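Chemist: I'd like to ask some things about the structure below.
Nothing in this text is a laboratory measurement; each read-out follows from the coordinates by a stated rule. Everything numeric in this text was worked out from a predicted model, so none of it was measured. Note that each Cβ is placed from the backbone with ideal geometry, even for glycine, and that neighbours are counted across all protein chains shown.
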Amino acid sequence: MTQPERQAWDVVVVGAGGAGLRAAIEAREQGARTAVICKSLFGKAHTVMAEGGIAASMGNVNEGDNWQVHFRDTMRGGKFLNDWRMAELHAREAPDRVWELETWGALFDRTADGRISQRNFGGHEYPRLAHVGDRTGLELIRTLQQKIVSLQQEDFREFGDHEARLKVFQECTITRVLKDESRGEDGGAVSGVFAYERESGRFFVIESPAVVLATGGIGKSFKVTSNSWEYTGDGHALALLAGARLTNMEFVQFHPTGMVWPPSVKGILVTESVRGDGGVLRNSDGKRFMFDYVPDVFKDKYAKTEEEGDRWYEDADNNRRPPELLPRDEVARAINAEVKAGRGSPHGGVFLDVSTRMPAETIRRRLPSMHHQFKELADVDITAEPMEVGPTCHYVMGGVWVEPDTAQARGVTGLYAAGEVAGGMHGSNRLGGNSLSDLLVFGRRAGLHAAQYALGLGGGRPAVDPGTVDAAADEALRPFSAGAGAGEQTAGDSGENPYTLHQELQTTMNDLVGIIRRGGEMTEALQQLARLRARARRAGVEGHRQFNPGWHLALDLRNMLLVSECVARAALEREESRGGHTREDHPEMDRQWRRVNLLCRLADGGDDTPFGKEPAGDAAAGPGRGRIELVRHTTPHIRRDLLALFEKDELAKYLPDEELFQ
Ligand code: FAD
């Protein structure tokens, strides 16, 4: 096969959301020639959709805030399954990352005395989210893009070429991380990436010893989601295929408030800022039901009466917060229970009301996007009537198992991951606002360490093997020959439609591995995934490589099937309920499980392109085998000085005895 065009860069960043752009800026500032590649148009990443804000303990609105309080809140939110070192770095460094954005031109909302304003969010003890109305992500991306342009202008002055040291390849999709098997430990070192241009279908290779994955989440594997078309778990799958392990994959966050009506917009996010700014949840009886759902571990931190909850908005120091501001997993489960008990709204959600809490003008000023979204999409005026909301798949806590300080994928030389594609930081449940801060903190760290590694190699870099490039091209082209030539079909069979397979996969995950899980249903999900995997081998497309959405869907299937299997397999294994993982058949949180991380890795033969080698015979239909295998890893003890930030009584709720006594 003719070899595709090649370029050489020091660092390749896959993804141009917040994590990718922050990594690219850092790598370039370290002197590394850096390429950024993104699947959609530059500036259209998920980060742009972020509404509520960036969590950072700047203490602008309440001086009691500091990194230790933020660390505590993050660990509580994640039910102590967080990688504590990541949670520590995140809490310590988030304020600097926000200040830095301001020096790069970000215009945050201000307090009356001119400081960066901070708003309340679920699970955060103090007002902590730096924000720009409800369009914070847009400002974040705008600022990072502006910084990139300024670096490119510097390069133009020095080299006469804007793209001499920082180049963006937009509308290009990476399908493989390439490795040099003769280098590094554990099966080789990263040597580059294989990509196709979405518009032309042209293949190309970027040779690079350091690859930063910043590809975001996996929400498109679920039917009802706040995520956009891009979030097919590509980075998670690329990492697995490159030999990395994924951690915490059973923990998927269902945001409590997505739109439920009309059907065409079901799942679109209703920002938590609505509750942070005073919005209340009511059932069809008009009752503020969240007071009935405060779990024991949080009982002393939340208001017992509506009056106390309401007073908290005016006087947070002398009152406890309303239970509408519990962490997301708690609120999502409560809404689910109310609907199931027959106390839901007409379209299967509950009511979220700000109209009785704030003047119309304030709502329009503080929540402009929400006002617009409901008016345009549902013909609801949120300044005058309540919204109908229900849970929607929003975020994956699981991701690439990384070294906390360097963001390097453990065991894979040259591979780094940051942002939503990385796992560990949020444990079993992420607090709102902690993603934007996470991607800034660890995006910077990933860019820094990727650049240092690449520049430290000098001339002796891992090489791209033409054989692996041919294999990647074969894999990418397979859907064009998956029709009659595939040898697996009967005459006249035109193959499987990739779009239908997407839909069936999304329904399977939504219905069988969704917000409330049961062992039997997850076993069934694994069987269905095995059948979908077999059918996906026959997913054929017609036409040519120039902008062919059917082809792109067929290629996404590999990634969606891999991450879905990780979620289902880990969720079946974890026999307890914690954070974003709720088992109806194991409803309690079990302290012994705090010491267990479930790591997913590709099983032997699992990388037999493009959809993996199935076990012999009909075993493919069974849940016991598949492409993913689980490894149990014992979580390290939390450092003493960090443990000392908590009361012993609280720790006793989370830590097993041996850890407590230690
Ligand atoms: P993304 O911003 O998701 O970017 C991923 C990038 O990877 C994109 O450029 C994409 O094109 C690229 N990519 C993916 N696959 C490939 C591939 N194969 N090849 C090439 N490129 C690829 N979090 C908060 O902290 N605060 C909030 O207020 C908040 N609000 C939110 C509101 C909404 C509606 C949503 C959906 C999420 C919100 N979140 C919020 C979560 C947060 O926005 C995301 O977790 C975060 O933006 C993820 O950033 P990222 O940089 O990791 O990835």
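Chemist: Over 28 Å between Cα atoms: which of Lys44/Lys220; Lys223/Lys301; Lys223/Lys304; Lys79/Lys375; Lys223/Lys375 fall into that group?
Modeler: Lys223/Lys301; Lys223/Lys304; Lys79/Lys375
Chemist: Arranged from highest to lowest average of other beta-carbon atoms within 10 Å per residue, in what order do the peptides 82-94, 283-295, 18-30 appear? Intermediate results must be reported in sequence, preceding the final value.
Modeler: Working: 82-94: 23.4, 283-295: 16.4, 18-30: 28.6.
Descending packing order for the listed peptides: 18-30, 82-94, 283-295.
Chemist: For the chain, find the longest principal axis of its Cα atoms and tell me its angle to the long axis of helix 328-340, 0 to 90°, nearest 10.
Modeler: In the chain, helix 328-340 runs at an angle near 80 degrees to the longest axis.
Chemist: For region 559-568, just list the computed ³J(HN,Hα) in residue order, Karplus coefficients 6.51, -1.76 and 1.60, θ = phi - 60°, integers in Hz, with x standing in for Gly and Pro.
Modeler: 5, 5, 5, 5, 5, 5, 5, 4, 4, 5
Chemist: Under the Kirkwood approximation applied to all pairs of distinct alpha-carbon atoms, what is the hydrodynamic radius of the chain in Å?
Modeler: Working: mean 1/r = 0.0397 Å⁻¹.
Taking every pair of different Cα atoms in the chain, averaging 1/r and inverting gives 25.2 Å.
Chemist: Of Thr232, Thr247, Ala407, which is farthest on the positive side of the dipole of the chain, counting Cα position, with +1 on Lys and Arg Cβ, -1 on Asp and Glu Cβ, and the Cα centre as origin?
Modeler: Thr232
Chemist: Another question, if that's okay. Along each of its three principal axes, how wide is the spread of alpha-carbon positions in region 179-260, in whole angstrom units, largest first?
Modeler: Here the spans come out as 52, 35, 15 Å, largest first.
Chemist: Just checking the chain: which Cys have no other cysteine's beta-carbon under 4.7 Å?
Modeler: Cys38, Cys172, Cys393
Chemist: Here is a further query. Hey, can you rank 632-638, 650-656 by average C-beta count inside 10 Å, highest first?
Modeler: The most tightly packed comes first, giving 650-656, 632-638.
Chemist: Relative to the first principal axis of the alpha-carbon coordinates of the chain, what is the inclination of helix 67-77, with its axis defined by its Cα atoms, in degrees from 0 to 90 and to the nearest 10?
Modeler: 80
Chemist: Non-local amide H neighbours of Gly344 (under 5 Å, H modeled in plane, Pro and chain starts lacking H): which ones?
Modeler: Ser284
Chemist: While we're looking at this one, here's another question. Once amide H atoms are placed 1.01 Å from N in the peptide plane, what residues at a sequence separation of 5 or more from Thr225, or on another chain, have their amide H within under 5 Å of its amide H?
Modeler: Cys393
Chemist: Here's something else I'd like to know. Going by alpha carbons, how many degrees (0 to 90, nearest 10) lie between the helix axis of 84-103 and the longest principal axis of the chain?
Modeler: Here the helix axis deviates by roughly 90 degrees.
Chemist: Could you tell me which of rounded, prolate or oblate describes region 448-607, using a ≥ b ≥ c as the square roots of the eigenvalues of the alpha-carbon gyration tensor, with rounded for a/c under 1.5 and, failing that, prolate when a/b is larger than b/c and oblate otherwise? Show your work: numbers first, answer last.
Modeler: Numbers: a/c = 2.62, a/b = 1.18, b/c = 2.22.
It is oblate, given that a/c is not under 1.5 and a/b is not larger than b/c.
Chemist: Roughly how many whole Å is it from the C-alpha centroid of region 341-383 to that of region 244-319?
Modeler: 15
Chemist: Ranked highest first by average number of other Cβ atoms within 10 Å, how do 530-542, 433-445, 404-416, 105-117 line up?
Modeler: 433-445, 404-416, 530-542, 105-117
Chemist: For region 243-351, just say rounded, prolate or oblate: build the C-alpha gyration tensor, square-root its eigenvalues into a ≥ b ≥ c, call rounded for a/c under 1.5, and beyond that prolate if a/b exceeds b/c, oblate if not.
Modeler: Numbers: a/c = 1.83, a/b = 1.21, b/c = 1.51.
The shape class here is oblate.
Chemist: If amide H atoms are built 1.01 Å from N in the plane of the peptide, which residues on other chains or at least 5 residues away come under 5 Å of the amide H of Ser191?
Modeler: The answer is Leu178, Lys179, Asp180.
Chemist: Let me ask another. How large is ³J(HN,Hα) for each residue in region 394-411, as worked out from phi by the Karplus curve 6.51 cos²θ - 1.76 cosθ + 1.60 (θ = phi - 60°), to whole Hz, x for Gly and Pro?
Modeler: These are the phi-based 3J(HN,Hα) values: 10, 7, 10, 6, x, x, 4, 7, 10, 6, x, 6, 10, 6, 7, 5, 4, x Hz.
Chemist: Also, I was wondering about something else. Counting Lys and Arg as +1 and Asp and Glu as -1, what is the net charge of the other residues whose Cβ lies under 13 Å from the Cβ of Trp104?
Modeler: With Lys, Arg at +1 and Asp, Glu at -1, the neighbours total -1.
Chemist: Determine the shape class of region 135-281: with a ≥ b ≥ c the square roots of the Cα gyration tensor eigenvalues, call it rounded for a/c under 1.5, and otherwise prolate if a/b is greater than b/c, oblate otherwise.
Modeler: Working: a/c = 2.24, a/b = 1.41, b/c = 1.59.
Cα axes put region 135-281 in the oblate bin.
Chemist: Using θ = phi - 60° and the Karplus form 6.51 cos²θ - 1.76 cosθ + 1.60, what ³J(HN,Hα) does each residue of region 49-65 get, whole Hz, x for Gly and Pro?
Modeler: Calculated HN-Hα couplings, in order: 7, 4, 10, x, x, 10, 7, 7, 7, 6, x, 6, 9, 9, 5, x, 6 Hz.
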